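Visitor: Below is one structure. I have some questions about it.
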Amino acid sequence: MGGEVSLHMDAPPEKVWALVSDVTRIGEFSPETFEAEWTRGSTGPEEGAYFKGHVKRNGVGPTYWTPCRVTRCVPNEEFEFSVGTEGVTVNNWGYRLEPDGTGTRVTEYFRLEPVFYLRAYWALLGRLRGRTNEKGMRTTLERMKKVVES
């Protein structure tokens with residue numbers, strides 16, 4: 001119940017890390033999340049940091065704020081966050097960075113929590129939503145690539 005997209009970027013992991021871990025820049029890249037801000041006193045990427053993302057579902061609506069918490073933060077390697085409330089995680093998103101020749105292989109991924117109601121959702125709408133997510137991840141990575149390679 002998830003998916004991933006990878007793309008090679010002609011930039012070192014440190015340069016890519018600066019983009020993927022700065023949630024305040026996501027609006028430059030994502031077709032659905034048009035802004036994000038650190039919350040609850042968090043000011044940057046570290047495990048346990050909180051932020052919220054302003055999402056326009058499928059790029060057309062509805063529009064809503066979603067609470068997020070950083071769950072993995074390994075500089076230049078991995079940045080992952082959960083989406084949902086304090087007690088209920090619905091989805092997890094992240095980026096893995098791997099040195100690749102003179103550049104970096106960047107993988108963006110998502111993973112739904114394996115709970116009953118999400119399994120039912122995935123069985124009914126998963127293929128369609130998965131395709132939408134993969135298209136969005138590819139768009140996000142291609143936009144990031146333009147920035148880090150310029």
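Visitor: Can you spot a residue in the stretch 91-103 that is surrounded by 15 or more Cβ atoms within 10 Å (Cβ to Cβ), assigned to a helix (DSSP H, G or I) and free of Cβ contacts under 8 Å to residues at least 24 places away in the same chain?
Guide: no
Visitor: Could I ask something else about it? Tell me, please, whether a residue that is within 20 Å of G44 (Cβ to Cβ), under 13 Å from the mean Cα position of the chain (by Cα) and of a type in the set (D, E, K, R) can be found in the stretch 88-98.
Guide: The answer is yes; a qualifying residue exists.
Visitor: How many of the residues making up the stretch 57-79 are over 19 Å from G94 (Cβ atoms) and either part of a loop (DSSP other than H, G, I, E, B) or open to solvent by less than 30 Å² (accessible area, probe 1.4 Å) (or both)?
Guide: 3
Visitor: Say whether the condition of being within 18 Å of the chain's Cα centre (by Cα), part of a loop (DSSP other than H, G, I, E, B) and surrounded by 13 or more Cβ atoms within 10 Å (Cβ to Cβ) is met by at least one residue in the stretch 138-147.
Guide: Within the stretch 138-147 (the criterion being within 18 Å of the chain's Cα centre (by Cα), part of a loop (DSSP other than H, G, I, E, B) and surrounded by 13 or more Cβ atoms within 10 Å (Cβ to Cβ)), the answer is no, since none of the residues qualifies.
Visitor: Still on this structure: Inspect all residues belonging to the stretch 85-99 and state whether any of them is at pLDDT below 95, of a type in the set (D, E), at negative phi and out of contact with any Gly (no Cβ under 7 Å at 6 or more places or on another chain).
Guide: yes
Visitor: Mind checking which residues of the stretch 104-135 are open to solvent by less than 80 Å² (accessible area, probe 1.4 Å) and either among the basic types (K, R) or in contact with a His (Cβ under 6 Å, 6 or more places away or on another chain) (or both)?
Guide: R129
Visitor: Scan the stretch 104-137 residue by residue and report those that are acidic (D, E) and assigned to a loop (DSSP other than H, G, I, E, B).
Guide: E113
Visitor: Can you work out which of the residues in the stretch 1-56 that are outside any loop (DSSP other than H, G, I, E, B) and of a type in the set (G, A, S) is surrounded by the fewest Cβ atoms within 10 Å (Cβ to Cβ)?
Guide: G27
The values are calculated or read from the model by the stated rules, or taken from the named source; none is laboratory data. All values derive from a computational prediction rather than experimental measurement. Counting neighbours? That spans all protein chains shown, and the Cβs are built from the backbone with ideal geometry, glycine included. Surface accessibility is based on the protein's heavy atoms, side chains included, excluding ligands, DNA and RNA. Shrake-Rupley method; radii C 1.70, N 1.55, O 1.52, S 1.80 Å.
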